[in-house]
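K.L.:
Provided herewith is a single structure, encoded as C-alpha cells, for subsequent inquiry.
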Amino acid sequence: MKRIWTQIKKVLHDFFIDDNTVSFQLCLRRSDKWWILYWLALITVVITSVLLIAVRLSERRIFNTFAAYVTSATDNEYDKMAWELRYQLVYREFGRDMEKYVRYIPNTARDCPTCGDDYQSQAYLACTNTGELYDLDVFVDGRKSEDHYGDMHMSNGFDEVSLSRLSMIRTPDKGKNTVELDREYGIVSVHKMKTLFCDNCIGDIFNAVEERPVSEFVIFDAEEKAFYPVDDRIVIQIGDYSLECVEKKGDYEIKIEYIGESNKMCHWHILLDTS
C-alpha cells in the first residue's frame with residue numbers, strides 16, 4: 001500500500017510540479033496543467049449538480065404522485081395499497097432468504113405453543129403468524145365414530161397478517177375432517193413468530209416450509225414434535241390419521257381421515273401423477 005501511494009505522489013509531482021517531465025507525449029507548462037485540472041473539476045461539479053437536481057425532481061414527482069393517491073383513496077383502497085406496498089417492497093425481497101435475517105431479531109416468546117407435553121390431539125394446523133393451533137383430529141374428545149352418529153362440527157380461523165381464512169368441517173361419524181385454506185397474501189411476520197415460538201421451533205418450521213408455496217401454515221405432529229409443509233399432492237400419516245393436501249387455484253384443501261390404530265410412526269410422501 002505504501003509503495004502504491006508513493007507511486008501516485010510521484011506521478012502527481014511529475015505532472016503538476018516538474019515542467020521538464022513529458023507526459024503522454026505532450027509538453028505542457030505548469031500553468032497549463034493547473035488550468036486543465038480546473039476545468040475538469042468545474043465540469044465534474046456541473047455534471048454532478050445536474051444529476052442531483054434531476055434525481056431530486058424525480059423523487060419529488062414520485063412523492064407527489066404517491067401523496068395524491070393516498071390522500072384521495074378510500075379506507076379500503078388505502079389498506080389495499082398499504083398491503084401491496086409492504087408485500088412488493090418488503091416481504092417479497094425478505095422472504096427470499098428469511099432464515100438469514102431471523103437471528104438479528106431477539107426472541108421474546110415466553111410459552112412456545114409447539115413445545116408443550118400435554119396435547120389433546122395428535123395433529124394440528126399451526127399458524128406461524130398467530131401461534132394458533134387448530135385441531136385436525138377427527139375425534140378430538142376421544143370418542144369413536146359410533147358415538148358421533150349424525151354429528152357435524154364446523155369451525156373457522158383467520159390470520160390477520162396474511163389475511164388467510166381457514167374453515168373446517170368435521171364429520172366424526174364418517175371418520176373424516178376437511179380443512180379449506182383460502183390464502184390472500186401468503187406472507188409471514190418473523191417479528192410475530194419471535195414473540196410466539198422458540199428459536200428451535202422457528203428453525204424447524206423454516207426447514208419444513210423451505211421452497212414451499214405456503215409458509216404461513218404448517219402441519220404439526222404433537223407426538224413427534226415435527227413440522228410438515230402444506231403443499232399439493234403431499235400425504236402425511238400422523239398417529240391414527242392420514243392427511244392429504246390438495247391445491248385448488250392457489251388455495252388448499254387438507255383431507256384428514258381416521259385410519260385406526262397405527263404404530264405411531266409418522267411419515268410423509270408426495271403423490272405421483274401417473275395419468
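K.L.:
Convert each backbone phi in region 168-175 into a coupling constant with the Karplus relation 6.51 cos²θ - 1.76 cosθ + 1.60 (shift: θ = phi - 60°), then list the ³J(HN,Hα) values in order as whole Hz, x for Gly and Pro.
P.N.:
Each residue's phi maps through the Karplus curve to give 10, 10, 10, 10, x, 5, 9, x Hz.
K.L.:
Further question on the same structure: What order do you get for 190-197, 55-62, 119-126 when each peptide is scored by the mean count of other beta carbon atoms within 10 Å, highest first?
P.N.:
Highest mean packing first, the order is 119-126, 190-197, 55-62.
K.L.:
Separate question: Taking a ≥ b ≥ c as the square roots of the eigenvalues of the Cα gyration tensor of region 208-253, is the shape rounded (a/c under 1.5), prolate (a/b larger than b/c) or oblate?
P.N.:
oblate
K.L.:
Also, quick follow-up: Would you calculate the separation in nanometres between label points at GLN7 and ALA73, each defined as 7 Å from the Cα along the Cα-to-beta-carbon direction?
P.N.:
Placing both labels 7 Å along Cα→Cβ, they lie 5.6 nm apart.
K.L.:
Going by average Cβ neighbours within 10 Å, how do the peptides 67-73, 221-227 rank, with the highest at the top?
P.N.:
The densest-packed peptide leads the list: 221-227, 67-73.
K.L.:
Also: Might you report the magnitude of the Cβ-based charge dipole of region 192-256 about its Cα centre, with Lys and Arg at +1 and Asp and Glu at -1, to the nearest 20 debye?
P.N.:
In debye, rounded to 20, region 192-256 gives about 220.
K.L.:
Karplus couplings for region 194-205 from phi (6.51 cos²θ - 1.76 cosθ + 1.60, θ = phi - 60°), rounded to Hz, Gly and Pro as x?
P.N.:
Once θ is set to phi - 60°, the couplings for region 194-205 become 5, 9, 10, 10, 6, 5, 5, 5, 4, x, 5, 5 Hz.
Only the coordinates and a few stated rules stand behind these numbers; no lab work does. A quick note: this is a predicted structure, and the numbers were derived from the prediction, not measured. Neighbour counts run over all protein chains shown; Cβ positions are idealised from the backbone, glycine included.
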